[in-house]
Every structure is written in C-alpha cells, then in structure tokens.
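First the structure, in the form of structure tokens, and then the observations on it.
The values are calculated or read from the model by the stated rules, or taken from the named source; none is laboratory data. Because the structure is a prediction, the values reported are computed rather than measured. No Cβ is skipped: glycine too gets one built from the backbone with ideal geometry, and neighbour counts run over all protein chains shown.
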C-alpha cells in the first residue's frame, strides 16, 4: 500500500470507530427505554437502575437514580457527538474512560468474562485510539 492509501484507510478506520462506538452508546440507551425488543434488553429504566446499583455497590442506594440518569445523559451525548463528528477528540477520550470504568465495574462485580464477552474493553481501546488519532491529525491550535 502507498502512503496515500494508508492515510485514506486510517481516515476510514477513524470514521468506523466513531460510528461503532457512538452507535453502541445510543443502542444501549435505546434498550433501557424499551426501544429494542428481545431477550437481552433492559426494556425499562427501572431495571437499568437496578443494574447500575449492582455495578456500583460502593455507592448509596439513594444515589442510583441519579447515577443511572447521569450515565444515560453522558452516553447519549457521547454517542451523538461521535456520530455527528462534534468535539471528536474529547468525546472519544471521555468514551474511553467511561467504557474502561464500566468494564472495570463489570469485572469487579460479575467477573472478567462479562466485560470481555460484551467487548467493553475493546470498545474502550477503540475510543482511545480514536482520541489519539484525532489529537495527531487535528492538533489543538497553539496559543
């Protein structure tokens, strides 16, 4: 492959990562509001609050609705930003951190197999690579 072909492939890979991570966040949010049908969906927000409590046993139970809503707002915002291409560097970095935290919480409460089966760490690493790609290809303006 030529340098130009590799550069084109890298740009497409970044778009693919943006779409995949963004869609995963929006799909998760849609599932907790019953917008997906099927056996493995949350199908209502109350079940999502319960799952949030399972993954965050160190937090007081009274904070779980807030934590669940905060996660939902953050996931929606990151999903939209990534797909729309808005503040991609920051959205990708925040996505990597959120997914790493979620994967770690899953591993601590349900065992390592769970986040590996759901590719949480893979998505986190894709988001981190996207953030680094954006930092390299669109460096911040110098002051």
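Taking the stretch 44-65 as the range and being outside any helix (DSSP H, G or I), modelled with pLDDT under 95 and farther than 20 Å from residue 99 by Cβ as the test, only 44 passes. In the stretch 113-143, the qualifying residues are those that are over 20 Å from residue 16 (Cα atoms) and more than 18 Å from the chain's Cα centre (by Cα), and the one that is modelled with the lowest pLDDT is 143. Checking every residue in the stretch 17-27 against the condition of being farther than 21 Å from residue 114 by Cα and part of a loop (DSSP other than H, G, I, E, B) gives zero matches. The residues of the stretch 108-134 that are part of a helix (DSSP H, G or I) and out of contact with any helix residue (DSSP H, G or I) (no Cβ under 6 Å at 6 or more places or on another chain), listed by number, are 108, 110, 113, 116, 117, 122, 125, 129, 132. From the list 26, 35, the lone residue that is in contact (Cβ under 8 Å) with a residue 12 or more places away in the chain and either surrounded by 12 or more Cβ atoms within 10 Å (Cβ to Cβ) or touching a strand residue (DSSP E or B) at 6+ places or on another chain (Cβ under 6 Å) (or both) is 26.
Quick check on residue 68: is it farther than 15 Å from residue 126 by Cβ and either modelled with pLDDT of 90 or more or exposed (fewer than 13 other Cβ atoms within 10 Å of the Cβ) (or both)? It is true that residue 68 is farther than 15 Å from residue 126 by Cβ and either modelled with pLDDT of 90 or more or exposed (fewer than 13 other Cβ atoms within 10 Å of the Cβ) (or both). Taking the stretch 85-107, which residues are touching a helix residue (DSSP H, G or I) at 6+ places or on another chain (Cβ under 7 Å), more than 18 Å from residue 121 (Cα to Cα) and in a helix (DSSP H, G or I)? Listed by number, the residues that qualify are 88, 89.
For residue 82, indicate whether it is in contact (Cβ under 8 Å) with a residue 40 or more places away in the chain, in contact with a helix residue (DSSP H, G or I) (Cβ under 8 Å, 6 or more places away or on another chain) and part of a helix (DSSP H, G or I). Yes: the conditions hold for residue 82.
Can you find a residue that is surrounded by 14 or more Cβ atoms within 10 Å (Cβ to Cβ) and over 14 Å from the mean Cα position of the chain (by Cα) anywhere in the stretch 57-64?
Checked against the condition, which is being surrounded by 14 or more Cβ atoms within 10 Å (Cβ to Cβ) and over 14 Å from the mean Cα position of the chain (by Cα), the stretch 57-64 yields at least one hit.
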